[in-house]
Ligand SMILES: Nc1nc2c(c(=O)[nH]1)N[C@H]1C(S)=C(S)[C@@H](COP(=O)(O)OP(=O)(O)OC[C@H]3O[C@@H](n4cnc5c(=O)[nH]c(N)nc54)[C@H](O)[C@@H]3O)O[C@H]1N2
Ligand SMILES: Nc1nc2c(c(=O)[nH]1)N[C@H]1C(S)=C(S)[C@@H](COP(=O)(O)OP(=O)(O)OC[C@H]3O[C@@H](n4cnc5c(=O)[nH]c(N)nc54)[C@H](O)[C@@H]3O)O[C@H]1N2
Ligand SMILES: [Mo]
């Protein structure tokens, strides 16, 4: 191995001490003993979770990719559209041969079509670790070595809110990360109204690292102090028992109507905070005319909302009165905006909090997405975090991230996004490292058609995900426990030396090493590697943190001292409520970064875009998920408890949560009885886009008429040559619709759809998702 990136990590210490590591779901330590991986959570974590227990079974699972592979059709016929992707054979190849081929293909696409024909958005969560962060690596590689790439903007998490919030509140990060904290809830909140809840299954996770899970304890302390929690959600488990919550099981997708009726009730009873609305907001008068029905003839009152939400009118009125006069916090989960018209509940949540006059007060106001991820509601670190520079992308073209299938299927056509009319580029090559579109995208049968159109699909993966199985070139990468790194998160104080505990699986290599050797072939090695080995990069990335500590007059360990430690506690910034608190204290001196400097209940900017599905003020635009005879249930496709997305679905903890190997759906007892379904059955969930099997738990913890199936079971088509094969494993994205939230944001709408459900009595097909695809003899 000649490139600096190829140097071996330090010697591994089998049978010895546990050494620190971290993951998106918690800091832990690990060791190999007698060939077995053992993991245990960080001793300082008050509420660790079992997702780390997916590591031992996953480490050497047959689903891992052992060597570089090339799809037979691509090898034989060269680059080009091919609907055999997803059902073709693979041919193993040596690293040097496969990288020669890939470098040649990158050169061809760049020279013949320009870098604007390369899609390198590569969305996905990858693994923790500040250096081996797959997106940073791939973007840095494409920027230095191919002349750039078409990127994606925003996320599947917050596609609608991250576009909306800058127009109406200000900086998105300030809203979710420097606003109401768990410390404030424990101490100050008197009532927390949580739309979509703050499920502990979700706050298990924080991208990058998390050393302390505080959410359960904070809710417990608040409740013991007398704080009331009210959960509005189709699932009771969306708040923990510790919150002692009252559960309102509303109809999915109806929250904006409920919020309108709550504000309507405040207004007609004179309970809205007029001085707050005058001083801190713009556009209330226009909105109030809509609210009272003066502009459209329909007052948005409790009786109107009762039919839409499934909540009795008198309960809506009582809830509005209960919110008044208290330190009230309105929480809106990300999930509510991952649906058609998802902008509306996010905007209405702000309006409700403003009408209560609570924004900017400790423990009060608007806690958008609080509890969805464990880096929300925390303090920021006071020193810089190690960060790998991605360099500059010479290509300015982009798509909103969830529009990928639209882009591939409709090159040259136009679409609306954030006030612009944009044109989809013509993409020839897609390069993915660190994400799984066959996990995250909607309408997977449509995604397969989109990928069939490409010249070339390249994937770096540690396991045979469905995305890897559709690729033309599959490059096996290391998993986190096979490499050294620095772990941390800007909202968690512990900086973690991540030690490797085992040698790479098969021929797997770090993403960095793969890109370094590709860059060598493209003549850009120096620009990509800057001549550093992995260890030299870690030392280099650590330096700004060390300098930050020294400048504060704090002990500033050298890299060697940090590396020998169990982790280093960084200083944190005060929990000061951020820009919203400062704005409340002095709106003239600390205006919000919106066009008016205030909270925008009416946005001139959004109104000027003229979109029918996102007006100048929040509104009820009609129900989007209405059951009918063909599809009588609303499906909630939310985040899984036993893993992060699709990661290590083949691990032990994820497997234990399944039923006869299938992902588990939840149904209400009356719905189950009507279909002769009992607890433990296998069901078939279907609609016009596709079908999947799932196990079923029958429970009264779900609203009648709603079926819930979490994401993350690997796509497992029984016969991939069919257009709409049955997924035998329970991936809900064969059912969800691939459509944007609105012309404003074009966000992901994967959370909700409508479906049919029946008992499955046929022979149960085996799970094949983890078996490597057929491969031919080596080249
Ligand atoms: N129906 C529906 N769909 C949804 C959602 C929903 O609510 N409903 N939620 C959406 C949301 S919020 C999100 S964020 C997305 C998540 O979608 P993704 O982030 O794409 O899902 P992950 O399973 O985390 O995919 C990460 C992939 O990276 C691989 N990986 C891990 N480490 C490395 C590494 O070091 N190098 C490389 N090359 N690969 C690595 C893993 O094996 C895994 O396949 O899903 C979205 N999809
Ligand atoms: N264990 C685990 N934790 C995770 C993740 C994971 O994969 N596994 N993923 C992480 C990521 S990337 C993200 S972005 C966050 C996502 O955070 P969210 O998007 O908030 O999480 P979800 O679990 O999809 O949805 C939360 C709850 O919203 C409820 N809900 C759905 N639709 C509606 C509706 O219309 N109205 C109301 N009132 N409630 C509704 C559902 O019952 C659901 O359980 O979670 C993070 N946390
Ligand atoms: Mo997400």
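Taking R0 as 35 Å, what FRET efficiency do you get between residue 296 and residue 678 from their Cβ-Cβ distance, rounded to the nearest 0.05? Mind showing how you got there, number by number?
Values: r = 47 Å, r/R0 = 1.34.
Efficiency computed from Cβ-Cβ geometry: 0.15.
Over the alpha-carbon set of the range 633-759, work out the extent along each principal axis and list the three values in angstrom, largest first.
Projected onto its principal axes, the Cα set of the range 633-759 covers 42, 32, 30 Å.
Whole Å is fine, so just give me how far the alpha carbon centre of the range 643-674 lies from that of the range 323-385.
If you average the Cα positions of each part, the centres end up 30 Å apart.
With N denoting the number of residues in the range 156-262, provide Rg(C-alpha) divided by 2.2 N^0.38 Å, to two decimal places. Can you show the working numbers first?
Working: Rg = 14.7 Å, N = 107, 2.2 N^0.38 = 13.0 Å.
Against the empirical 2.2 N^0.38 Å value, I get 1.13 for the range 156-262.
Taking the beta-carbon count within 10 Å as an exposure proxy, list 397, 586, 738 from fewest neighbours to most. Before the final figure, lay out the partial values.
Working: 397 17, 586 9, 738 23.
Arranged by neighbour count, lowest to highest, 397, 586, 738 become 586, 397, 738.
Working from Cα positions, state the angle (0 to 90°, nearest 10) between the long axis of helix 215-225 and the longest principal axis of the chain.
20 degrees
For a quick protection proxy, order the peptides 719-729, 162-172 by their average other-Cβ count within 10 Å, most packed first.
Going from most to least packed, we get 162-172, 719-729.
Between residue 111 and residue 566, what length comes free when the chain is fully extended (0.36 nm per residue of separation minus the Cα-Cα distance, one decimal in nm)? Don't jump to the answer; show the numbers that get you there.
On the way: separation 455, 0.36 × 455 = 163.80 nm, distance 4.87 nm.
Value of the extension gain: 158.9 nm.
Could you work out how much longer the chain between residue 77 and residue 721 gets when fully extended? Use 0.36 nm per residue separation minus the Cα distance between them, nm to one decimal.
On the way: separation 644, 0.36 × 644 = 231.84 nm, distance 1.95 nm.
Contour length minus the Cα-Cα distance gives 229.9 nm.
Between residue 759 and residue 225, what is the label-point separation in nm under the 7 Å Cα-to-beta-carbon projection?
Each label point lies 7 Å from its Cα, and together they span 5.1 nm.
Taking the inverse of the average 1/r across all pairs of different Cα atoms in the range 541-657, what Kirkwood radius in Å do you get? Please report the intermediate quantities before stating the final value.
Details: mean 1/r = 0.0467 Å⁻¹.
Across the range 541-657, the inverse of the average 1/r is 21.4 Å.
Per-residue ellipticity at 222 nm for the chain, helices alone: DSSP H runs ≥ 4 residues times -39500 (n - 2.57), over residue total, nearest 500 deg cm²/dmol? Each step should come with its number before you reach the end.
Details: 27 runs with 227 residues, N = 779.
Calculated from helices alone, the mean residue ellipticity at 222 nm is -8000 deg cm²/dmol.
As an exercise, find the ratio Rg/Rh for the chain from alpha-carbon atoms, using the Kirkwood inverse-distance average for Rh. Intermediate results must be reported in sequence, preceding the final value.
Values: Rg = 25.8 Å, Rh = 27.0 Å.
Taking Rh as the inverse mean 1/r over Cα pairs, Rg/Rh reads 0.96.
Could you please rank 546, 274, 130, placing first whichever residue has the fewest other Cβ atoms within 10 Å of its Cβ?
Values: 546 20, 274 12, 130 25.
In increasing order of surrounding Cβ atoms, one gets 274, 546, 130.
Largest first, please: the extent of the C-alpha atoms of the range 12-58 along each principal axis, to the nearest Å.
Each principal axis gives a Cα extent; for the range 12-58 these are 29, 21, 13 Å.
Given a Förster distance of 22 angstrom, what is the FRET efficiency for residue 536 paired with residue 66, based on the Cβ-Cβ distance and rounded to 0.05? Walk me through the intermediate numbers first.
Numbers: r = 29 Å, r/R0 = 1.31.
For residue 536 and residue 66, the calculated efficiency is 0.15.
Got a sec? How would 613, 492 order by Cβ neighbour count within 10 Å, fewest to most?
Values: 613 19, 492 26.
Least crowded to most crowded, the residues run 613, 492.
Output the peptides 236-244, 77-85 sorted from most to least packed, where packing is the average of other Cβ atoms within 10 Å over each peptide's residues.
Details: 236-244: 20.0, 77-85: 15.0.
In descending order of packing, they fall as 236-244, 77-85.
I'd like the orientation of helix 343-355 relative to the chain: the angle between its Cα long axis and the longest Cα principal axis, in ° from 0 to 90, rounded to 10.
Compared with the principal axis, the helix lies near 40 degrees.
What ranking, highest mean first, results for peptides 411-423, 381-393, 444-456 when packing means the other Cβ atoms within 10 Å averaged over each residue?
Working: 411-423: 14.3, 381-393: 17.3, 444-456: 21.4.
Output ranking for 411-423, 381-393, 444-456: 444-456, 381-393, 411-423.
Between the range 716-732 and the range 32-87, what is the separation of their alpha carbon centroids in Å?
21 Å
Given the C-alpha centroids of the range 456-493 and the range 172-195, what is the distance between them in whole angstrom?
Cα centroid of the range 456-493 versus Cα centroid of the range 172-195: 34 Å apart.
Against the longest principal axis of the chain, how steep is helix 511-522, in degrees 0 to 90 to the nearest 10, with axes from Cα atoms?
60 degrees
How far is it, in nm, from the label point at residue 629 to the one at residue 688 when both lie 7 Å from their Cα along the line to the Cβ?
Modelled inter-label distance: 1.5 nm.
What shape does the range 252-341 take by its C-alpha gyration tensor, where a ≥ b ≥ c are the square roots of the eigenvalues and a/c under 1.5 counts as rounded, a/b above b/c as prolate, and the rest as oblate? Intermediate values should be presented prior to the final figure.
On the way: a/c = 1.26, a/b = 1.20, b/c = 1.05.
Here the range 252-341 falls in the rounded category.
Read the figures in this text as sums done on the coordinates, not as results from a lab. Predicted, not measured: the structure shown is a model, and the values here were computed from it. Positions of Cβ are backbone-derived with ideal geometry, glycine not excepted, and every protein chain shown enters the neighbour counts.
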